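Enquirer: I have a structure here, written as structure tokens, and I will follow up with some questions on it.
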Amino acid sequence: MNNIRLVVSGLANAGKTIFISQIIAHLEHYVQTHFSLGSGRIITDVKHVPLQYPEVKPFPYEQVRACLLGRDPEWPSATREISGIGIEFTLRDQNSRRFWKRSGLHPHRLEIYDFPGELLGDLNISDRSFEQWSEDALSRLHDRTLPMSAVGQGYLSLLSHLDRLSPQTLVEKYHQTLEAALRKGATSITPAGWIYSRGEPMTTAAMLNFAPLPPGAPSGLRGTFVKGFNVYGKWLTPLSDIFGRCDHHVILVDVLDILRNGQARYVERQKALQEIINFYAQSHGYFQRIARRMARQVRIPVKAPRSPLSKAIVVATKADAVMEDDRGRLSGLLQEMLETKLRSLGTNVGIDFRTCAAFDATERQTDGSRRVIIGRVPSAPDQKQPREVARVPKSWPNHAWDGSEFRSFRTYLPPRPTSEIRKDVLFPHINLNEIVKAVLSLV
């Protein structure tokens, strides 16, 4: 059996939940004309199977389908915890020619893990010291290109008289800074687990009693925060181990959101995505595997072994919000943004840049001069409206753009049905089958 462990990651609102749900639906209710995996290939014998990790919640597949099947369909809520789903199926390939009878049957087990976008930047915390984390966190408060710097002065001003402050006061002030940063549009903060403890009791809440400190901070204060930092790192360790055992990764990026929100969003998203890539490199890199092997030989305890990364696919989502001839530009912008960093993963990793819409929610029209997208938008959900759309640029702007020239790139809602919907209905997509073909090594 071909076992594939796939992480679908990316930053918030990139469309991970819909992406995974649509893959499962098209495999479960496979129709060649809706989801072609190549001439002569079909999917049969599909069944859901349990995963082996108790830390992973079941992926809410049925709930997501219910959101889409209603008379007033909507996108599901954002991912708030790590979840996963397992599916086994048989790929029947009529083009496979061998001397034995059943050569065209290829059983697969596909495990898909959905990681919250914000949490990914923290997964390498268990490999870092509190001092290293503090240096990074404080640098975000100083970096004028990031939203954190606009709200960070209040916390930074406290660091000059730490001997007069209690640990709780510092933690509360730092959390207030994180809250203000989110309201300013920040999408990458640390510790990211704090996002999931806001407003409701969660197991991570007690693990977040620490805040960044400068070098030379009082030893008692530092010791208190190191303990909290280590507890949080231990909570993250099994999650990062699951991540590291996955040999295929798909990273989803909402390129249109970056264009709409300007240079500041570009800088922040690039930094956050580079953190994800750094974790990939640490999880799967050749030299890291050599170091672990040497440590075991001299009886030094090491973390669970991590699978070599086989394939990394970076996907620009929401391709239904642009015209067909601009889709290639979306993946081109991603390649320009991340390719140099991705090459650090090594030459043995297959790296691909793609564009897709997991759910095609729009209609597109052009007469050569006007380029029109027709669909429902959150600000006017009652009916579909035609709206002219800008061109996707060939390269990222060289000037400090504010996003105003790209505000016509909108987020669209799924269309309302005109009659009852079958439970096994297959919703349209753009290029999702091509990404699955790449994951299954069918290209």
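Enquirer: Which members of segment 245-301 meet the condition of being surrounded by fewer than 17 Cβ atoms within 10 Å (Cβ to Cβ), at pLDDT below 85 and hydrophobic (A, V, I, L, M, F, W, C)?
Expert: 287, 290, 291, 294, 295, 298, 300
Enquirer: Same structure again: Is one or more of the residues making up segment 82-95 open to solvent by less than 50 Å² (accessible area, probe 1.4 Å) and in a helix (DSSP H, G or I)?
Expert: Initially, segment 82-95 is screened for residues open to solvent by less than 50 Å² (accessible area, probe 1.4 Å), giving 82-91, 93.
In the following step, the residues that additionally are in a helix (DSSP H, G or I) were identified as none.
No: zero hits.
Enquirer: Take segment 358-386 and flag every residue that is free of Cβ contacts under 8 Å to residues at least 40 places away in the same chain and among the charged types (D, E, K, R).
Expert: Result: 363, 367, 370, 382, 384.
Enquirer: Any idea how many residues of segment 350-378 are open to solvent by 30 Å² or more (accessible area, probe 1.4 Å), among the basic types (Lys, Arg) and in a strand (DSSP E or B)?
Expert: The number of residues fulfilling the criteria is 3.
Enquirer: Right, another one. Return the residues of segment 328-350 that are at pLDDT 95 or above and over 20 Å from the mean Cα position of the chain (by Cα); say none if nothing qualifies.
Expert: Those that are at pLDDT 95 or above and over 20 Å from the mean Cα position of the chain (by Cα): 328, 329.
Enquirer: For segment 413-427, enumerate the residues that are of a type outside the set (D, E, K, R) and open to solvent by 70 Å² or more (accessible area, probe 1.4 Å).
Expert: Taking segment 413-427 as the starting set, the residues that turn out to be of a type outside the set (D, E, K, R) are 413-415, 417-419, 421, 425-427.
418 - this is the single residue of segment 413-427 that is of a type outside the set (D, E, K, R) and open to solvent by 70 Å² or more (accessible area, probe 1.4 Å).
Enquirer: Only one residue in 79, 17 is buried (at least 21 other Cβ atoms within 10 Å of the Cβ) and modelled with pLDDT under 90, so which one is that? Explain how you work it out, then say what you get.
Expert: Working: 17 fails: modelled with pLDDT under 90.
Selected residue: 79, the only one of 79, 17 that is buried (at least 21 other Cβ atoms within 10 Å of the Cβ) and modelled with pLDDT under 90.
Enquirer: Looking at the structure I just gave you, is residue 42 touching a strand residue (DSSP E or B) at 6+ places or on another chain (Cβ under 9 Å), touching a residue at least 24 places away in the same chain (Cβ under 8 Å), assigned to a strand (DSSP E or B) and closer than 20 Å to residue 14 by Cβ?
Expert: No, not satisfied.
Enquirer: A further question follows. What tally of residues in segment 127-165 results from selecting those that are in a loop (DSSP other than H, G, I, E, B), among the small types (Gly, Ala, Ser) and either touching an Asp or Glu at 6+ places or on another chain (Cβ under 6 Å) or surrounded by fewer than 18 Cβ atoms within 10 Å (Cβ to Cβ) (or both)?
Expert: Of the residues in segment 127-165, 1 are in a loop (DSSP other than H, G, I, E, B), among the small types (Gly, Ala, Ser) and either touching an Asp or Glu at 6+ places or on another chain (Cβ under 6 Å) or surrounded by fewer than 18 Cβ atoms within 10 Å (Cβ to Cβ) (or both).
Here is a yes/no grid of residues against (1) assigned to a loop (DSSP other than H, G, I, E, B); (2) among the aromatic types (Phe, Trp, Tyr):
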{"residue": "386", "(1), (2)": "no, no"}
{"residue": "393", "(1), (2)": "yes, no"}
{"residue": "397", "(1), (2)": "yes, no"}
{"residue": "421", "(1), (2)": "yes, no"}
{"residue": "427", "(1), (2)": "yes, yes"}
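Enquirer: Report yes if some residue within segment 166-180 is in contact with a helix residue (DSSP H, G or I) (Cβ under 7 Å, 6 or more places away or on another chain), surrounded by fewer than 22 Cβ atoms within 10 Å (Cβ to Cβ) and not in a helix (DSSP H, G or I); otherwise report no.
Expert: The answer is no, given that none of the residues of segment 166-180 is in contact with a helix residue (DSSP H, G or I) (Cβ under 7 Å, 6 or more places away or on another chain), surrounded by fewer than 22 Cβ atoms within 10 Å (Cβ to Cβ) and not in a helix (DSSP H, G or I).
The values are calculated or read from the model by the stated rules, or taken from the named source; none is laboratory data. All of these numbers come straight from a predicted model, not from anything done at the bench. Cβ sites come from the backbone with ideal geometry, for glycine too, and all protein chains shown count toward neighbours. Keep in mind that these areas ignore ligands, DNA and RNA; they rest on the heavy atoms of the full protein, side chains included. Shrake-Rupley method; radii C 1.70, N 1.55, O 1.52, S 1.80 Å.
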